[in-house]
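The structure appears right after this line, and notes come after that.
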Amino acid sequence: MLELQNNQPWVLVRGAGDLATGVIVRLHRCGFKIAVTECANPSAIRRRAALCEAVWQGAAQVESVTARRIADAAQAEKASQAGEIPLLGDENAACITTLQPAAVVDAILAKRNLGTSREMAPITVGLGPGFTAGQDVDAVVETMRGHHLGRVIRQGAAIPNTGVPGVIAGYAAERVIHAPAGGAMQFVADEGGNTVDIGALVRAGQIIARVGDTPVHATIDGVLRGLIREDYPVTKGLKIADIDPRPEQAAYCDTVSDKARAIGGGVVEALLEIAREKQIRLL
């Protein structure tokens, strides 16, 4: 368990979905003192690799890093000293007033800025499109798959959102499944009577879930990498599942993805570089 000093400054991460979790895990392992904020009803589909599940379950663990939901910022220190990541249901990051973080990392990945500004902390970092380094944040980390994934941008913005998922094994938009209707998410059983959930091998056309009474079909053959939690109140068009066409990826559904790990490395670089420039202690 990492030993953190009581007077070590906080690094606040906004968001705890699967990509944000890659950032949180990497920062925690590097010795940063992390607190996390999330919305009241997170809709992560890669649930087994997303610490935001702590909102629903009270605690969640990814790669031996545990996030624990706390009621208010006053409980953050106790969780941190226990070696866990304190997670607050605090969509607007009101806890900044109490925690006074040295750095804020916006890892919401909403493709737009939902309120992060340079006034929030001495160091601010935004992930992906929606932020402009030198204006609303100090640095932006590229989130688009490809040569520049994880690159730290000190002036300007990330590659604009294309609306099309990155290509994996020749598939792009087909990998992601959106709700065909609104209603409660319902899990289903496969032909063998087993519940279809994350990690299952599925085939194109197979019913993998229902939204209300409307069936949800697999779009391609592959591994069900993500599936929104059962009973979630789904709206039509919401992203509810994704399929990885590479069957060997079934072994990695509960670990940080290559993309998330690369982004996490970019955040570490950005924090340390800016902290050195501004002579701010983070570790």
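The values are calculated or read from the model by the stated rules, or taken from the named source; none is laboratory data. Since the model is a prediction, treat every value here as computed from it, not as a measurement. Ideal geometry is used to build each Cβ from the backbone, glycine not excepted, and the neighbour counts take in all protein chains shown.
Scanning region 153-168 for residues that are modelled with pLDDT of 90 or more and surrounded by 13 or more Cβ atoms within 10 Å (Cβ to Cβ) returns Ile153, Arg154, Ala157, Ala158, Ile159, Asn161, Ile168.
Residue selection: Ala133 fails the criterion of being among the hydrophobic types (A, V, I, L, M, F, W, C), closer than 28 Å to Gly266 by Cβ and without any contact (Cβ under 8 Å) to a residue 12 or more places away in the chain.
Checked against (1) within 23 Å of Lys78 (Cβ to Cβ); (2) at pLDDT 95 or above; (3) among the charged types (D, E, K, R), Arg26 passes all but condition (1). Scanning region 64-89 for residues that are surrounded by 15 or more Cβ atoms within 10 Å (Cβ to Cβ) and either touching a His at 6+ places or on another chain (Cβ under 8 Å) or among the acidic types (Asp, Glu) (or both), we see that the one that is farthest from Asp18 (Cα to Cα) is Glu77. Is at least one residue of region 32-46 touching a Lys or Arg at 6+ places or on another chain (Cβ under 9 Å) and assigned to a helix (DSSP H, G or I)? No, every residue in region 32-46 fails to be touching a Lys or Arg at 6+ places or on another chain (Cβ under 9 Å) and assigned to a helix (DSSP H, G or I).
Taking region 169-268 as the region of interest, the strands (runs of 3 or more DSSP E) fully inside it that hold 2 or more residues being surrounded by 16 or more Cβ atoms within 10 Å (Cβ to Cβ) and in contact (Cβ under 8 Å) with a residue 12 or more places away in the chain are 176-178, 183-187, 207-211, 222-227, 239-244.
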